[in-house]
């Protein structure tokens, strides 16, 4: 099992490992067509518990405290859903008793070290880190639940791929997976601040003077990826148009097989 959010930059527990569907920008049900069973969505993967518990042993207590929105050290620690930190106080969260300790520390009563145990100058941007982490895990949980629903219904003899609402959800799953992927990187990289390597090197000590080169790199990357995005949209719309017009002998499946199409 990969270690989540270790001291070195790693996407190990960004959605590619924790959502089961966000390994690449094209991952989701769309990528299942490359598998041996094109009508089968991907399988679920490591859960919130796996990612959060691994983060607790990754050597970055401030990041774990931000993930869990732990302003103080509580025993047992609750699991906080939602919420933000306002003037050093947690507001608008839904607290589930004991679950924070159980998930993050693998113990029913071991406390999650809170921000009160960490010097203020070592605190990461708490709200951004917390919300990005919960966005990643929330989307990953949603997509994993959809996989479970698909297989339960399939076992009962119901094929959700024949349902328009499920196909629409499958189409949305791709962008959701990308959002979860980016949220995972935000949680990782913002959560490590102000350190590059926790308790070894700060970000301010690692920054080089390469401003001009970075702007060129950003500009080129923006142009390339914008072109790729436009190309992908044009191709997908062309594929959809040809399928709707009744084109036959297309090089790849454009939609679930129908009784008419199988004749």
Any chance residue 181 is within 28 Å of residue 229 (Cβ to Cβ) and under 19 Å from the mean Cα position of the chain (by Cα): yes
So is residue 160 out of contact with any helix residue (DSSP H, G or I) (no Cβ under 6 Å at 6 or more places or on another chain) and surrounded by 13 or more Cβ atoms within 10 Å (Cβ to Cβ) or not? no
Taking residue 74 as the residue in question, decide whether it is over 19 Å from residue 194 (Cβ atoms), surrounded by 13 or more Cβ atoms within 10 Å (Cβ to Cβ) and at pLDDT below 90. yes
In the set 229, 211, 188, which member is without any contact (Cβ under 8 Å) to a residue 60 or more places away in the chain and either under 28 Å from residue 135 (Cβ atoms) or surrounded by 10 or more Cβ atoms within 10 Å (Cβ to Cβ) (or both)? 229
For residue 150, state whether it is in the same structural domain as residue 84 (by TED's automatic domain parsing), within 28 Å of residue 236 (Cα to Cα), in contact with a helix residue (DSSP H, G or I) (Cβ under 8 Å, 6 or more places away or on another chain) and surrounded by 13 or more Cβ atoms within 10 Å (Cβ to Cβ). yes
Hey, does the range 106-126 have a residue that's in contact with a helix residue (DSSP H, G or I) (Cβ under 9 Å, 6 or more places away or on another chain) and under 26 Å from residue 174 (Cα atoms)? no
Failed condition for residue 196, given (1) without any contact (Cβ under 8 Å) to a residue 24 or more places away in the chain; (2) within 17 Å of residue 62 (Cβ to Cβ); (3) loosely packed, with under 15 Cβ neighbours inside 10 Å, with all others met? (3)
Given the conditions (1) modelled with pLDDT under 50; (2) under 28 Å from residue 147 (Cα atoms), which single one is not true for residue 57? (2)
Just to confirm my filter: which helices (runs of 4 or more DSSP H) fall fully inside the range 84-195 and include at least 2 residues that are under 13 Å from residue 70 (Cα atoms)? 99-105, 126-155
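The values are calculated or read from the model by the stated rules, or taken from the named source; none is laboratory data. Everything numeric here is computed off the predicted structure, so don't read it as measured data. Every residue, glycine as well, gets a Cβ built from its backbone with ideal geometry; the counts of neighbours run over all protein chains shown.
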